[in-house]
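Notes for the one structure printed next.
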Protein chains: 2
Amino acid sequence: MHTRALVNGDPTSRVEVWDRGFQYGDGVFTTLRVRSGIPLFLDHHLARLERDCRRLALPFPNTPGLIREVRSLCEIWPEGVLKVLLTRGGGGRGYRCPDRVQGTRVLSMHPVPDYPPTIYEHGVEVRFCHTRLGINPSLAGIKHLNRLEQVLARAEWSGTDIHEGLMLDVEGWVVEGTMTNLFLVLGETLHTPLLDRCGVAGVMRSLVLKAAAELGLPSQERRLRPEDLEAAEELFLTNSVIGIWPVRRLAAKTYRIGPVTREISRWVAKKIQEESVARYGA
Amino acid sequence: MHTRALVNGDPTSRVEVWDRGFQYGDGVFTTLRVRSGIPLFLDHHLARLERDCRRLALPFPNTPGLIREVRSLCEIWPEGVLKVLLTRGGGGRGYRCPDRVQGTRVLSMHPVPDYPPTIYEHGVEVRFCHTRLGINPSLAGIKHLNRLEQVLARAEWSGTDIHEGLMLDVEGWVVEGTMTNLFLVLGETLHTPLLDRCGVAGVMRSLVLKAAAELGLPSQERRLRPEDLEAAEELFLTNSVIGIWPVRRLAAKTYRIGPVTREISRWVAKKIQEESVARYGA
């Protein structure tokens with residue numbers, strides 16, 4: 001079997017325990033869909049990784065080299081989920097970073113989750129989680145490796161009836177799903193929670209905001225209460241692996257899969273189509 | 001050279017990248033001083049690890065086996081710092097935990113930090129960090145692997161003049177140092193920050209609270225403002241590797257190394273002495 005992972009370019013699935021990613025969660029990651037050998041929205045993912053690295057003063061690897069590694073894995077595994085994980089590497093005493101940082105980069109390929117394809121037509125069922133998100137502006141928006149809150153939230157339910165759990169921050173504002181960003185349609189406007197104090201600014205989330213702008217749909221990032229979700233006409237979830245999941249049910253309320261959700265979904269599907277053409281054309 | 005690490009009992013310093021400790025910081029750890037082959041306050045550290053594991057629903061390894069591994073490392077490296085790190089192990093899709101969890105345990109031995117021994121007589125210099133601690137009761141007190149806040153705070157200064165940085169939470173309450181707990185003497189009472197919303201409940205912190213009780217010294221866990229620190233007569237920092245560090249200076253204020261700090265330090269030194277006798281006697 002081919003290895004499904006590259007660590008600093010080497011086909012191995014092991015890292016040193018001294019790695020600061022393992023010791024402190026001192027790193028960032030991104031997860032993207034590979035379809036017919038094409039890593040979808042790769043440039044967006046690399047841009048986000050680089051922005052996250054800058055915020056944490058993590059070294060960002062040489063981009064052409066990183067892209068070569070991505071392509072080599074996508075050739076072997078043309079269908080899957082690619083995770084790119086970057087850490088500060090080894091060394092340093094305790095929390096202090098070493099003077100010369102040599103980051104660790106891990107690329108790994110994973111099977112596509114086997115959600116039923118009917119999800120996109122019928123929507124998903126969602127719950128509220130008890131686990132709250134802590135508030136910390138210095139880490140807000142970053143897809144970093146400190147993900148215990150998500151692990152605890154995801155452990156609150158099992159089974160396949162519930163597809164996602166929504167998380168509030170410790171003050172009671174709705175922020176996101178455990179693995180997705182959240183959008184809702186209220187009146188004529190698309191709303192999504194502000195991520196200035198916690199949450200992960202997903203690549204698909206920024207694409208949806210771009211879609212809204214292109215489609216002439218007013219959109220707003222703001223603080224949202226559970227009551228706002230109850231008042232919403234449409235609700236959907238996004239991430240780079242699933243794309244757009246319409247929400248059929250949240251707690252006691254049922255939603256229809258409305259025109260905005262459908263229009264955004266079509267826009268995203270078209271972008272994915274364009275990605276494929278662009279890559280094959282290149 | 002002997003390996004300085006054991007992973008699930010094997011002499012290796014490598015773990016799988018799939019390990020949830022590496023992917024999500026899904027684990028806990030403890031760090032303790034080994035002196036003349038004796039892992040100091042090992043029972044306290046194991047009790048804290050077990051408590052932390054319970055809070056995160058992490059598997060806790062067989063205790064006698066774990067103690068055997070600790071002793072085997074302490075025989076080879078009788079002077080050092082031992083880190084015991086436990087993760088949820090591999091597996092699970094995304095944040096969801098696998099149905100059958102097989103944890104990973106990593107024991108590693110590190111050199112004793114080379115702080116000048118005069119620190120205990122003269123005290124240390126301390127600063128306030130800009131990086132804040134997020135508030136999240138569900139993780140508060142746990143020595144888990146999500147430590148980016150500490151990494152960012154510790155990166156705020158370099159050089160050896162400043163020994164530690166104090167961290168406030170996002171609301172402005174003083175919580176702890178980047179790697180230490182904090183105590184202060186105000187009037188006749190020993191105060192230490194409440195750790196119900198963030199912070200790490202250190203083993204040495206709990207020993208100091210025990211010392212206060214035994215010595216008939218009133219003590220209180222409460223919310224503390226930077227102004228309380230300025231009003232304090234004595235200030236000291238604790239962790240299991242350094243023991244008690246008197247604070248000589250914090251920001252603009254100078255402190256004396258007072259009688260309470262000295263009395264607590266003597267109590268801890270005596271306990272360490274007793275640990276040695278008890279182990280040798282056993």
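Just so it is clear, none of the values below were taken in a lab; they were calculated from the coordinates. On a predicted model such as this, the values are computed, not experimentally measured, just so you know. Methodologically, a virtual Cβ is constructed for each residue, glycine included, from the backbone with ideal geometry; neighbour enumeration extends over all protein chains shown.
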- Highest GNM mean-square fluctuation among B:Leu237, B:Leu58, B:Leu152, for chain B with Cα springs under 10 Å, belongs to B:Leu152
- Note on the structure: Partner shielding of A:5-11, taken as the mean number of other chain Cβ atoms within 10 Å, equals 1
- Query: Taking neighbour Cβ counts within 10 Å as the exposure measure, how do B:Asp196, A:Asp169, A:Asp99 sort from fewest upward?
  - Reply: A:Asp99, B:Asp196, A:Asp169
- Message: Counting each pair of different Cα atoms once, what's the Kirkwood radius of the stretch A:23-66 in Å, rounded to one decimal?
- Response: 11.6
- Message: At a 10 Å Cβ-Cβ cut-off, how would you order B:His130, A:His44, B:His144, fewest neighbours first?
- Response: B:His130, A:His44, B:His144
- Message: On a 32 Å Cα-Cα criterion, which of the cross-link pairs A:Lys83/B:Lys143; A:Lys210/B:Lys143; B:Lys83/B:Lys253; A:Lys83/A:Lys210 come out too long?
- Response: A:Lys210/B:Lys143; B:Lys83/B:Lys253
- Query: In nm, one decimal, shortest first: how far is the label point of B:Arg96 (7 Å from Cα along Cα to beta carbon) from the matching points in the other copies?
  - Reply: 4.4
- Task: State the Cα centre-to-centre distance between the stretch B:150-225 and the stretch A:105-122 in whole Å.
- Result: 45
- Among A:Pro78, A:Pro226, A:Pro193: highest mean-square fluctuation, GNM of chain A, C-alpha pairs under 10 Å: A:Pro226
- Query: Let a ≥ b ≥ c be the square roots of the eigenvalues of the Cα gyration tensor of the stretch A:105-159; is it rounded (a/c under 1.5), or, if not, prolate (a/b larger than b/c) or oblate?
  - Reply: oblate
- chain B: Rg/Rh from Cα coordinates, Kirkwood Rh? 0.96
- Message: I need the inter-copy label distances for A:Glu79: point set 7 Å along Cα to C-beta, values in nm with one decimal, smallest first.
- Response: 6.1
- Message: Just checking the output field for B:128-136: average partner chain Cβ neighbours within 10 Å of each residue's Cβ?
- Response: 5
- Provide a whole-number value for the mean count of partner chain Cβ atoms within 10 Å of the Cβ atoms in peptide A:23-30. 6
- Relative to the other copies, what are the label-point distances for B:Arg266, with labels 7 Å from Cα along the C-beta vector, expressed in nm at one decimal and sorted shortest first? 8.3
- Query: When A:Thr104, B:Thr131, B:Thr189 are ordered from fewest to most other Cβ atoms inside 10 Å of their Cβ, what list results?
  - Reply: B:Thr189, B:Thr131, A:Thr104
- Message: Give the residue list of trypsin sites (Lys or Arg not before Pro) in the stretch B:1-110 that are DSSP loop and have at most 16 other beta-carbon atoms within 10 angstrom.
- Response: B:Arg93, B:Arg96, B:Arg100
- Query: By its C-alpha gyration tensor, with a ≥ b ≥ c as the square roots of the eigenvalues, how is the stretch B:151-256 shaped: rounded for a/c under 1.5, else prolate for a/b larger than b/c, else oblate?
  - Reply: rounded
